[in-house]
């Protein structure tokens, strides 16, 4: 029991109480206003910043993934387009070749036909000329014969007859 | 984690009982150079003082502000010319310094004016109303004059009470509070500037030291106990936490006076009363409703609960006050007692062998105790803060209708 009597730290004194109240209140005011509030705000802001940075990173990652998928899609589309175009080109080429072939054939046929007609015409013309030539020749022959005939009747006659025979044989 | 903290709290509470055992030796109290009395020495070292002694070599005089029926006396405690055991060689205006504390001569015949050389002190015990009480006398010209201790607010329960004067001096504890507060303000201002200057940088230096503690108070104390409106009360909680922690740790520094600020009931009383006022001023209808008219129980129980709750209202700050002061004082006494083993084993300096054995025993025990006290410094600051947060949280809690009462 005596121990408590001499235990002066447990005897509250008005002086120490007033001083500690004063000091704590001033400490509280100063440290709260000039340190704890700005620090708490800075910490909160930093946490928000970190959170938003992480969120941004996440969305960016998602966007990147989306973009990649889109790119791949575009690429696939382009590839498809390309093969389609190639396919079409091939078809067109074949078609053109076929058409060209047909046209050429047609043209050739036409040329051949023309040539044939020409040949026919030429042949006819040639025949006609030949006939004319022959006619002229026959006439000159006839003339000569006539001239010879005029020199001797019997001979002329015999000659005319052979000539005529010859002509008939032709 | 929680369990460990509770074990530590129990451990530190148990120290209070150990201390009582030590204190029982302090009955015999011879003045001056008699037998070593560990209890009295420990109490002397953890008491507040009007002179700041470092290592019994440097004695820094402190301002004395005293009020008696003769008016105010303001002077430096250097006037007392304190020597060994912080006993003053002089009296000034009727005041003397004994064991670092100021006393006033209460008996007629002593010259109450000016500086007077005195011859020493005497100590006896008186039994008043079944309680023994320390009584001190000053020797002056072969006569003994009874001394009055300073006025204390314990109303006689702890051996104090109103006397002929009041002591408003800047004591060792006040100086320590001012120094620690200034240091903390400087430290936190530094950190705040860092945060303002480079908000996007990782914490470094003083930020790295303080940030985990600040975040701990915010995330483990303020948010769980107060909830969404924690921002308003966070500066108060942080102030309480760091004020107590800083003073606890300052008292742990060896050779710098081993000040026992947070172990003084005056300081914890102020903090506890402040918490009491704040939490009750904040109290809403819901809070008072649960104290005076507990909903959901029969009327007789309501009356019974109101009695219990009103008692609890005052017991809360009382325990807050006693827990902190008890723990810190107990730690100081335990360390001083272990150091005192050297003197006990050495028979107060008469036996060298005993002193060596005492030293060998004392060093590991003191080191162990200081480690424990380091943890206690944090735990008690944390406990005080967490209880403050829980009282504020209870006071401002909004009723949640889904909860069954």
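The values are calculated or read from the model by the stated rules, or taken from the named source; none is laboratory data. It should be emphasised that the depicted structure is a prediction, and the values quoted were computed from it without experimental measurement. Quick reminder, even Gly has a Cβ in these numbers, built from the backbone with ideal geometry, and neighbours come from all protein chains shown.
Could you please let me know if residue B:206 is closer than 18 Å to residue B:376 by Cβ and modelled with pLDDT under 90?
no
In the set (1) more than 30 Å from residue B:214 (Cα to Cα); (2) surrounded by fewer than 17 Cβ atoms within 10 Å (Cβ to Cβ); (3) within 7 Å of chain A (Cβ to nearest Cβ), the condition left unmet by residue B:162 is number (3). When we screen B:57, B:82, B:89 for residues that are out of contact with any strand residue (DSSP E or B) (no Cβ under 9 Å at 6 or more places or on another chain) and within 26 Å of residue B:259 (Cα to Cα), the only hit is B:57. Of the residues making up region B:114-133, those that are within 14 Å of another protein chain (Cβ to nearest Cβ) and either surrounded by fewer than 13 Cβ atoms within 10 Å (Cβ to Cβ) or within 23 Å of residue B:48 (Cα to Cα) (or both) are B:123, B:124, B:125, B:126, B:127, B:128, B:129, B:130, B:132, B:133.
Let's see how each residue does on (1) more than 26 Å from the chain's Cα centre (by Cα); (2) facing chain A (nearest Cβ under 10 Å); (3) closer than 25 Å to residue B:326 by Cα:
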position: B:214; (1), (2), (3): no, yes, no
position: B:221; (1), (2), (3): no, no, yes
position: B:227; (1), (2), (3): yes, no, no
position: B:230; (1), (2), (3): yes, yes, no
position: B:248; (1), (2), (3): no, no, yes
position: B:251; (1), (2), (3): no, no, yes
position: B:256; (1), (2), (3): no, no, yes
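Pick from A:22, A:30, A:16, A:43: which is farther than 30 Å from residue B:99 by Cα, at the interface with chain B (Cβ under 10 Å from one of its Cβ atoms), assigned to a helix (DSSP H, G or I) and more than 60 Å from the chain's Cα centre (by Cα)? Explain how you work it out, then say what you get.
On the way: A:22 fails: farther than 30 Å from residue B:99 by Cα; A:16 fails: farther than 30 Å from residue B:99 by Cα; A:43 fails: more than 60 Å from the chain's Cα centre (by Cα).
Answer to the check: A:30.
Looking at B:389, B:377, B:381, B:360, which one is over 22 Å from residue B:333 (Cβ atoms), assigned by TED's automatic domain parsing to the domain that holds residue B:245 and either part of a helix (DSSP H, G or I) or modelled with pLDDT of 90 or more (or both)? Just a single option satisfies the conditions, and that option is B:389. Would you confirm whether or not region B:195-209 contains a residue that is out of contact with any strand residue (DSSP E or B) (no Cβ under 8 Å at 6 or more places or on another chain), more than 7 Å from every other protein chain (Cβ to nearest Cβ), within 29 Å of residue B:335 (Cβ to Cβ) and not in a helix (DSSP H, G or I)? Checked region B:195-209: no residue is out of contact with any strand residue (DSSP E or B) (no Cβ under 8 Å at 6 or more places or on another chain), more than 7 Å from every other protein chain (Cβ to nearest Cβ), within 29 Å of residue B:335 (Cβ to Cβ) and not in a helix (DSSP H, G or I). Restricting attention to region B:171-188 and to residues that are in contact (Cβ under 8 Å) with a residue 12 or more places away in the chain and more than 7 Å from every other protein chain (Cβ to nearest Cβ), the residue that is nearest to residue B:110 (Cα to Cα) turns out to be B:172. Only one of the listed residues (B:297, B:339, B:270, B:275) is under 21 Å from residue A:16 (Cβ atoms) and touching a residue at least 24 places away in the same chain (Cβ under 8 Å). That residue is B:275. Within region B:134-148, the set of residues being modelled with pLDDT of 85 or more and either assigned to a strand (DSSP E or B) or within 9 Å of chain A (Cβ to nearest Cβ) (or both) comprises B:136, B:137, B:138, B:139, B:140, B:143, B:144, B:145, B:146, B:147, B:148.
Out of all the residues in region B:105-113, is one or more surrounded by fewer than 18 Cβ atoms within 10 Å (Cβ to Cβ) and within 14 Å of another protein chain (Cβ to nearest Cβ)? Within region B:105-113, not a single residue is surrounded by fewer than 18 Cβ atoms within 10 Å (Cβ to Cβ) and within 14 Å of another protein chain (Cβ to nearest Cβ).
Tallying residues that are touching a residue at least 12 places away in the same chain (Cβ under 8 Å), crowded, with 22+ Cβ neighbours inside 10 Å and within 7 Å of chain A (Cβ to nearest Cβ) within region B:149-159 yields 2.
Would you pick out the residues in region B:342-353 that are in contact with a helix residue (DSSP H, G or I) (Cβ under 6 Å, 6 or more places away or on another chain) and either in contact (Cβ under 8 Å) with a residue 60 or more places away in the chain or buried (at least 18 other Cβ atoms within 10 Å of the Cβ) (or both)? Working first, answer last.
We begin by selecting, within region B:342-353, every residue in contact with a helix residue (DSSP H, G or I) (Cβ under 6 Å, 6 or more places away or on another chain); these are B:342, B:345-347.
B:342, B:345, B:346 - these are the residues of region B:342-353 that are in contact with a helix residue (DSSP H, G or I) (Cβ under 6 Å, 6 or more places away or on another chain) and either in contact (Cβ under 8 Å) with a residue 60 or more places away in the chain or buried (at least 18 other Cβ atoms within 10 Å of the Cβ) (or both).
Per this entry, residue B:234 is counted among residues that are under 17 Å from residue B:244 (Cβ atoms), within 12 Å of chain A (Cβ to nearest Cβ) and part of a helix (DSSP H, G or I). For region B:37-69, filtered to residues that are away from chain A (no Cβ under 11 Å), at pLDDT 85 or above and part of a loop (DSSP other than H, G, I, E, B), the residue that is farthest from residue B:117 (Cα to Cα) is B:69.
Does residue B:231 count as surrounded by fewer than 21 Cβ atoms within 10 Å (Cβ to Cβ), modelled with pLDDT under 95 and over 17 Å from residue A:29 (Cα atoms)? Taking the combined requirement at face value, the residue does not satisfy it. Selection of region B:233-253 for residues being within 21 Å of residue B:58 (Cα to Cα) and without any contact (Cβ under 8 Å) to a residue 60 or more places away in the chain yields only B:253.
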